[in-house]
Amino acid sequence: MSWHDVLRTLDPRHKRLLALGASLVVIWVVFDLLSGGLFFSPRNFYNLAVQSSTVALLTVGMVLVIITRNIDLSVGSVLGLTGMVIAILQIEVFPAAAGWNWPLTLAIGLIAGTLIGLWQGFLVAYVGIPSFVVTLAGLLIFRGLTFEISQGQTFSPFQAGYRIFGGGQQGSLGEAASWIVGGVALVVLLGALARRLRSGEASLPFTLLGGLFASALTLFMIYQFNAYDRPRTDLGYGIPSPLLLLTLAATWIGLFVNRAPVGRHVYAVGQNLEAARLVGVPVRRVVLKVFALMGLLCAVGAVITTSRLNAGTTNLGTLLELNVIAAAVIGGASLDGGRGSILGGILGAFVIQSLDTGMVLIGVSSSLRQILIGFVLIGAVWVDRIAVRRS
Amino acid sequence: MVAPLGPSPADPLLEARGIVKAFPGVRALKGVDLDLAAGESHALLGENGAGKSTLIKILSGVYAPTEGSLRLAGEEIRLASPSEAMARGIVTIHQELSLARHLSIAENVFLGVGKPQRRGGWIRWKEMYEQAAAILGRLGLSHDPRRRVRDLNAGEQQLVEIAKGLALRPRILILDEPTSALTAVEIDQLFAVIEGLRREGISLLYVSHRLEEIFRITQRVTVFRDGERVGTVPTAELDEGEVARMMTGREVSLVDRATFRADAHIGGVLLEAQELSDEKLSGVSFDLRRGEIVGLAGLMGSGRTEIGRRLVGARRGGGSLSLNGVPFHPRSPREALREGVAYSTEDRKNDGLLLQQSVRHNLSLSVLREIARHGWFSPSEERQLAEGAVEKYNVATSGLRKQVRFLSGGNQQKVMIARALACNLRLIILDEPTKGVDIGAKQEIYQLVRTLADDGIAVLFISSEISEVVDVCDRILLVHEGRITGTMDRAEADKEKVLADLLEEGGHA
Ligand SMILES: Nc1ncnc2c1ncn2[C@@H]1O[C@H](COP(=O)(O)OP(=O)(O)OP(=O)(O)O)[C@@H](O)[C@H]1O
Ligand SMILES: [Mg+2]
């Protein structure tokens, strides 16, 4: 069998995942060459992973929102507002020395994010306002609220315990633990791939290529994280906590999507709402849940971001929605609803963030970066359309 | 088996030779021939998935054949697109409707030809509405052509689709199951139109699973089985049994279609409907008993579907329902399902199936929650369930992962029925359950429905095919313009009587 034949027999969804993986590798290598080795420097790579993790985490939620044939334009603002709520409570309101302070404010932040999501989901699913309108309003409302409650100030610093979520000095696993966690993750992943191969869901070429890519990526990333040494030591940082959070959240949500009725319902609602309703899918509740999850993920993103910056600022998460939506779409989520993949969205987030970081490294201006990412978005969907038409 | 080849006309108008069509995982056509004489009416028959629609899509420029050639009036042609086929006078009304649901009837009728235009590109709306009304009138549809298509029921939409084809002034008209949602009256009207066209010299290729129609309007029959041509025979030399034997390759008994049994055990009242009314219904009252199959017979637009949908809360309105003597007011199909009342739609494309999802996901959708434990279902259990359904209903598919839209129409229908019957039921409302299903599978569905009834489940059976209602149901309710105008017991019902009563109500007699 020639390469061409192998490619032709692949399931389109699998083909996309492999294409995304391949693009990621190409982007990395090209930027490494262009930047004279800077891209693959442990420090840059570590920061890239941390930043991509936040985008990817939100993308997981966005993919589900888009599958239900909705959109969420407010994610950046929700992240900003929940981050600010946590910052003000932890730094201004509650005693700075109390041990219970950061766990409590963290919990309040997560609850606030979920409540915001529920509110928007309620407006979309039960009141029937289009999500574009609800979340466009949300984008304005929550950003405005952030300014109102902070009076435009920046709050800093957070409690030491809180800083484990942002990566860096406090938020990294260390060398040994990283190898162990990475190993376990890899075993789980390869196991899942093997199960799919056996049940006939994945073809042999996909399993081999996917397995190879995943193994190489995991090992390379851990090697890089461990090569990034703490100041004045030769102890490596290891896996940053945001990446760990992303992995846990994505695995958990992925399980729901594949193994719980509600996961199937999400797709059913997006593909044919009337049909779903007639077979007894609780269509409104499904949409409500998806928006609630999106809100929760925004709050987790807020925790990671504030913890990393060690500050709550008013512009936290500004314009983030654009990268998140772009990542979801590049990852294969269809704005017509009913189609999209979590893994694809995560890879899409890494692709976008890598392009952005890489261009910064080689000194591309921010305006030019925007233009290029815009074209990448169109290009990705264009290729997708061609693939759809051919099948 | 030697194919009994009928006399083939000396110079056919349209000729297909050695057509092969391969899709990933299946060869839908394995080298078939077909010829169509000028002015002839030709039937194309075969079981679900035999390849009829695939050939039609090749003749109408939707698919390019993998191998083989087409000749039109002796000249070899290549059809790169549907518009090219139309330009050559080949007009096709496909099995799956392709109407723009948000546009008006008139706009849909002229979707293919382009709207009547004045110089400068402005649409002459008045002219368009008049012309549309004229074409629709020939088919017996008297709706205002300004109405939106999405407000029409399945049968009315089918007529609009046919009108759209007629507006194109065909030389060859291909009809893929045009009557699957029509009742006797519209079928008569359609056949009158077809007969007129044929006398004008138009050739007709006609697909239907209702064999009696084949004998009424066609001169020759071509039968496909598994992507191969079994034979082409003059219709006059055939009877239903022979046709069925050619289609299936085995003896099929068509005598005992009726699954009705005098000793069927009919229990107490399960559901009682009182004075249901809304825009389409007025004062509809009836009851359904455990173990009983009740048929709703009526003409197009009489309100049968609306009655069915009211029972599961997919439609709102006045009146009251009770289930087992307890008031029952489902606000959504989901609430109805919780009480074991399910509805299976007449329109698999628009509110039935998830076309872009796999056979497996479609089959399991209604029961996922039942097979889930602590909120999780096991994929292997789901697969077994789907495998079981595919086997039981004889769904022709190259795999459980095939997207439903790539199944043949009849097989899609089977998936939908299988899904409905997999639920935990007390009452099932089946709206046109055999739409597009071949004769063998119809028989199986009748049997299954009877088995359900024998298990004490109540069945409301809605169908536009009166003979089927008579064969299957224990009791028949006649529906006319949103009212129930009569009840017939199985013992007193036969097809002619039901039809006569319906026509009388409609003032057609
Ligand atoms: N686009 C497609 N991709 C893959 N397989 C297809 C596609 N279209 C049709 N098939 C397969 O080809 C076979 C023939 O399908 P076709 O629609 O021609 O059947 P049919 O004779 O029209 O049946 P029915 O009576 O149910 O309408 C089926 O097995 C179907 O699954
Ligand atoms: Mg067909």
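Look at the stretch B:363-376: the mean tally of other chain Cβ atoms within 10 Å of its residues' Cβ atoms is 4. Between the C-alpha center of region A:307-351 and that of region B:191-251 there is a gap of 57 Å.
Take the Cα of B:Arg124, step 7 Å toward its Cβ, do the same at B:Ile266, and the gap between the two points is 5.9 nm.
Of interest is the spacing of the C-alpha centroids, which for region A:30-73 and region B:122-151 amounts to 54 Å. Computed on chain A, the Cα convex hull volume stands at 153 Å³ per residue. Cβ-to-Cβ counts within 10 Å put A:Phe256, A:Phe220, B:Phe224, A:Phe291 in ascending order as A:Phe220, A:Phe256, B:Phe224, A:Phe291, the fewest first. In this structure, B:Thr451 and B:Asp494 have a Cβ-Cβ separation that, at R0 = 30 Å, corresponds to a calculated FRET efficiency of about 0.80.
Rounded to whole numbers, the Karplus 3J(HN,Hα) couplings from phi for region B:63-71 are 10, 8, x, 5, 9, x, 9, 10, 10 Hz, using 6.51 cos²θ - 1.76 cosθ + 1.60 with θ = phi - 60°, and x at Gly and Pro. Per-residue Karplus couplings for region A:292-302, computed as 6.51 cos²θ - 1.76 cosθ + 1.60 with θ equal to phi - 60°, are listed in order as 4, 4, 4, x, 4, 5, 4, 5, 4, x, 5 Hz, Gly and Pro entered as x.
Per-residue Karplus couplings for region A:6-20, computed as 6.51 cos²θ - 1.76 cosθ + 1.60 with θ equal to phi - 60°, are listed in order as 4, 4, 5, 7, 6, 4, x, 5, 5, 4, 5, 4, 5, 5, 5 Hz, Gly and Pro entered as x.
The Cα center of region A:94-129 and the Cα center of region B:347-394 differ in position by 36 Å. Distance between the pseudo-spin-label points of B:Glu212 and B:Ala134 (7 Å out from Cα toward the beta carbon): 3.4 nm.
Charges were assigned to the Cβ only: +1 to each Lys and Arg, -1 to each Asp and Glu. The resulting dipole of region A:172-239 about its Cα centre is roughly 200 debye. Take the convex hull of the alpha carbons in chain B; its mean projected area over all directions comes to 25.2 nm².
Within the shell defined by Cβ-Cβ distances under 9 Å, the residues around B:Leu204 carry a net charge of 0, with Lys and Arg each +1 and Asp and Glu each -1. For region A:172-239, the Kirkwood hydrodynamic radius comes to 13.0 Å, computed from all pairs of different C-alpha atoms. Given R0 = 45 Å, the distance between the Cβ atoms of B:Ser142 and A:Tyr126 translates into a calculated FRET efficiency of 0.70. Full extension of the chain segment joining B:Asp11 with B:Asp151 gains 45.9 nm, where the gain is 0.36 nm per residue of separation less the Cα-Cα distance. Computed about its Cα centre, the charge dipole of the protein assembly as shown is approximately 2680 debye, with only Lys, Arg, Asp and Glu carrying charge at their Cβ. Full extension of the chain between A:Ala176 and A:Ala22 gives 52.5 nm of extra length, using 0.36 nm per residue less the Cα-Cα distance.
Under a 5 Å amide H cut-off, with hydrogens placed 1.01 Å from N, B:Val221 pairs with B:Ala43, B:Val233, B:Thr235 among residues at least 5 apart or on other chains. Per-residue ellipticity at 222 nm, computed for the protein assembly as shown from helices alone with -39500 (n - 2.57) per DSSP H run of at least four residues, works out to -16000 deg cm²/dmol.
Tally the DSSP beta bridges in chain B and give the antiparallel ones as a percent, rounded to 5. Working shown, then result.
Details: 44 of 81 bridges.
In chain B, DSSP labels about 55 percent of beta bridges as antiparallel.
Return one number: the angle in degrees, 0 to 90 and rounded to the nearest 10, between the long axis of the Cα atoms of helix B:495-506 and the longest principal axis of the Cα atoms of chain B. Roughly 90 degrees, rounded to the nearest 10. Taking the DSSP bridge list for the protein assembly as shown and keeping only pairs wholly inside it, about 55 percent are antiparallel. Where a ≥ b ≥ c are the square roots of the eigenvalues of the C-alpha gyration tensor, would you call region A:1-116 rounded, which needs a/c under 1.5, or, failing that, prolate if a/b is larger than b/c, or oblate? Oblate. If a spin label sat at a point 7 angstrom from the Cα of B:Ser98 along the line to its beta carbon, the backbone N atoms of region B:31-49 nearer than 20 Å would be those of B:49. Calculated translational diffusion coefficient of region B:314-437 (37 °C, 0.692 mPa s; Stokes-Einstein with Kirkwood radius over alpha-carbon pairs) equals 213 µm²/s. The label point for B:Ala192 and the one for A:Leu235, both projected 7 Å from the Cα toward the Cβ, are 9.4 nm apart.
Between A:Leu217 and A:Leu368, what FRET efficiency comes out of the Förster formula 1/(1 + (r/R0)^6) with R0 = 35 Å and r the beta carbon distance, rounded to 0.05? List each step's numbers first, then the result.
Values: r = 28 Å, r/R0 = 0.81.
Using R0 = 35 Å, I get an efficiency of 0.80.
A short reminder: the numbers here are calculations on the coordinates, not readings from a lab. Here the structure is a predicted model, which is why all the values come from computation and not from measurement. Here Cβ is always computed from backbone atoms with ideal geometry, including for glycine, and neighbour counts include all displayed protein chains.
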